[in-house]
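The values are calculated or read from the model by the stated rules, or taken from the named source; none is laboratory data. It should be emphasised that the depicted structure is a prediction, and the values quoted were computed from it without experimental measurement. A quick note on method: Cβ atoms are made from the backbone with ideal geometry, for glycine too, and the neighbour counts reach across all protein chains shown. Note: areas computed on protein heavy atoms with side chains; ligands, DNA, RNA excluded. Shrake-Rupley method; radii C 1.70, N 1.55, O 1.52, S 1.80 Å.
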Amino acid sequence: MNPVEQALWYIENRFAGELSLDDVSAAAGVSRFHLSRAFVLTTGSPVMTYVRARRLSEAAKTLATGAPDILDVALSAGYGSHEAFTRAFRDLFGQTPEQVREYRSLQNLVLQEPIRMTTPPHASPVVPTFAEGKALLIAGISEHYGCGPGAGIPAQWQRFGPFIGSVPGEVYGTTYGVIHNSDDEGGYDYMCGVEVADFSRIPVELHRLRIAPQTYAVFEHKGHVSSISATIQAIWTAWLPSSDHDAVDAPSFERYGLAFDPQTGFGGVEFWLPVKRRIAP
């Protein structure tokens, strides 16, 4: 059972009570950073967003049966007041608890049913190589994305394309897609960039990012670049939990070499994941 499956099982058995991200990640046997990233990649939802949606969905089912006391339903869903419950309920469903109880109907409510995972979503990736990465200075365009696959990333690369080959101090031959500033809700910053020798002449319209020296697990993605998210998901949910390494909360990146053809999307990409060897209990 991978950590996302373990987290889903734990949530389904505990969501009616006190539950935090630390509780869920401990039950899954991984860090909160690892679980936050793996959970979003697998389910499309942040951990605690899923917990809230499950609580409110079960509350909606109770209200639709004509529950006499909305406060009791609110308390059972983990809310300390009628007002807080109503606000969260309306934000999620677009209706108030009173309306659902009055009409005794779940029509037009998009409920969050339990996610059932019985098989791994993807096969395990190839065994990585390990590399001691040097310090990197990256100049490029950075955008923030919420949880999800980052549908705007291809357009971001289009905007950055004209800069490639003309950035002052550029180290020719390699471009980077850097994932950094990840948060517990699955959000992250994504930077299209190139390595530069220094930042002294970088145009003001470009962002700058320093990446410290780090040990990396390096995975080769041989298919079309559009399917790299499947490889990354498999790394987090299959390879990492079974390895003797933990992910480090530091920038990870896609590395595009000279063989990569941006016109066709083929040519191979490397995904560099910062790791440290797991300390035995």
Quick check: with the 1.4 Å probe, what order do ARG101, ARG201, ARG116 take by accessible area, largest first? ARG116, ARG201, ARG101
Taking LYS222 as the anchor, which aspartates and glutamates have their alpha carbon closer than 17 Å to its alpha carbon, excluding any fewer than eight residues away along the same chain? GLU254, ASP261, GLU270
Just the accessible area for GLU113, please: 1.4 Å probe, Å², rounded to the nearest 10? 80 Å²
How long are the three semi-axes of the equivalent ellipsoid for region 1-42, computed from the Cα gyration tensor as the root of 5 times each eigenvalue, in whole Å, largest first? 15, 11, 9
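With a 1.4 Å probe and all protein chains in place, put MET48, MET191 in order of accessible area, largest first.
MET48, MET191
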Whole-Hz ³J(HN,Hα) for each residue in region 152-166, computed from phi via Karplus 6.51 cos²θ - 1.76 cosθ + 1.60 with θ = phi - 60°, x for glycine and proline: what do you get? x, 5, x, 5, 4, 5, 4, 5, 7, x, x, 7, 4, x, 10
Using every Cα-Cα pair within region 199-239, state what percent have a distance larger than 15 Å. 63 percent
Can you give me the solvent accessible area of GLU83 with a 1.4 Å probe, rounded to the nearest 10 Å²? 120 Å²
Collect residues whose amide H, placed 1.01 Å from N in the peptide plane, falls under 5 Å from the amide H of HIS207; neighbours closer than 5 in sequence don't count. GLY140, ILE141, SER142
Rounded accessible area of ILE141 (nearest 10 Å², 1.4 Å probe): 20 Å²
Given a 1.4 Å probe and every protein chain left where it sits, what share in percent of the accessible area of region 13-93 is carbon and sulfur? 50 percent
How far apart, in nm, are the 7 Å Cα→Cβ label points at GLU83 and HIS224? 5.3 nm
Quick check: at a probe of 1.4 Å, how many percent of the accessible area of region 232-281 sits on carbon and sulfur atoms? 56 percent
Solvent exposure of region 214-257 as accessible area per residue, Å², 1.4 Å probe: 35 Å²
Spatial extent of region 6-157: Rg and Dmax, with the Cα atoms as the point set, Å: 19.7, 64
How many angstrom lie between the C-alpha centres of region 207-236 and region 16-72? 29 Å
Give me the orientation-averaged projected area of the Cα convex hull of region 151-281, in nm², one decimal. 9.1 nm²
When the chain is reduced to its Cα atoms, the Kirkwood hydrodynamic radius in Å: 21.0 Å
Calculated SAXS-style log₁₀ I(q)/I(0) at q = 0.14, 0.15, 0.23, 0.25 Å⁻¹ - region 160-207, Debye, Cα scatterers: -0.40, -0.45, -0.85, -0.94
If you consider only alpha-carbon coordinates, what radius of gyration and Dmax does region 21-111 have, in Å? 14.9, 43
